[in-house]
1. Note the count of lysine pairs whose C-alpha atoms are less than 25 angstrom apart in the range 100-184, limited to pairs 8 or more residues apart or on different chains.
2. Run the dipole for the range 17-170 about the Cα centre, Lys and Arg Cβ at +1, Asp and Glu Cβ at -1, nothing else charged, and hand back the magnitude in debye, nearest 20.
3. Farthest toward the dipole's positive end in the chain, which of P121, S165, T131, given Cβ charges of +1 (Lys, Arg) and -1 (Asp, Glu) about the Cα centre?
4. Please report, for the Cα atoms of the range 36-89, the Rg to one decimal and the Dmax as a whole number; what are they, in angstrom?
5. Of V119, V60, V73, which is the most mobile in a GNM of the chain whose springs link Cα atoms less than 10 angstrom apart?
6. With angles folded into 0 to 90 degrees, how steeply does helix 6-16 sit against the dominant principal axis of the chain? Use alpha carbons for both and round to 10.
7. Please work out whether the range 1-81 counts as rounded, prolate or oblate from its C-alpha gyration tensor, where a ≥ b ≥ c are the square roots of the eigenvalues and a/c under 1.5 means rounded, while otherwise a/b larger than b/c means prolate and anything else oblate?
8. Treating cross-link reach as a plain straight distance, find the aspartates and glutamates whose alpha-carbon is under 19 Å from the alpha-carbon of K74, omitting any fewer than eight places away in the same chain.
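Where a number appears in this text, it was derived from the coordinates with a stated rule and is not lab data. Remember, it's a predicted structure, so these values are computed and weren't measured experimentally. Positions of Cβ are generated from backbone atoms using ideal geometry, with glycine treated the same way; all protein chains shown enter the neighbour counts.
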Amino acid sequence: MPIKSDKWIRQMALKKEMIKPFSEGQLKKGKISYGLSSYGYDIRVANEFKVFTNVNTTIVDPKNFDPRSLVDVKGNFCIIPPNSFVLARTVEYFKIPRNILTICLGKSTYARCGIIVNVTPFEPEWEGYATLEISNTTPLPAKIYANEGIAQIIFLEADEECETSYKDKKGKYQAQKKITLPRM
């Protein structure tokens with residue numbers, strides 16, 4: 001599975017709307033960088049967050065998720081409580097080609113502050129805004145900035161198209177438009 005270059009990513013983003021909105025290069029200007037890099041694309045976190053709380057003393061259960069365990073926050077930044085995490089979504093909407101799989105890794109600027117970003121792979125023909133899990137592993141509150149870089153997507157191309165894509169199997173997170181909670 002070869003890794004795709006900036007040239008391929010640019011072409012797919014502009015011609016096939018694989019990434020929308022698309023930023024041509026690494027945009028910084030006092031912000032945590034985002035946009036096209038040599039062999040990937042640095043995604044941004046949107047300004048909508050769901051912060052985990054224990055106010056309602058619910059149990060986090062992926063088979064029976066209680067939305068009362070979250071507090072909605074909207075703004076230019078989000079404070080993640082110590083040893084906790086938030087759910088967020090990307091600014092970018094993705095349409096992944098049938099022969100591509102992605103891997104997402106957190107940006108080093110945040111990782112060096114104890115902030116870990118977890119995103120499952122974007123499967124072939126998945127599309128939507130990605131829901132992000134952003135963990136604060138420190139004993140201190142941590143700040144993340146909306147509309148700035150949060151993680152990098154790496155695009156892997158298969159030698160042949162898959163037999164069954166995410167779209168074919170009608171995946172439960174297909175075409176999500178907002179932060180999506182666990183579904184069964």
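1. 10
2. Values: 18 positive and 19 negative charges, 168 e Å.
Value, rounded to 20: 800 debye.
3. T131
4. Final numbers for Rg and Dmax: 14.2, 45 Å.
5. V60
6. Taking the Cα atoms of the chain, the angle to 6-16 is about 90 degrees.
7. Working: a/c = 3.23, a/b = 2.03, b/c = 1.59.
Prolate.
8. Of all the aspartates and glutamates, those that pass the test against K74 - Cα under 19 Å, at least 8 places apart if same chain - are E48, E92, E133, E148.
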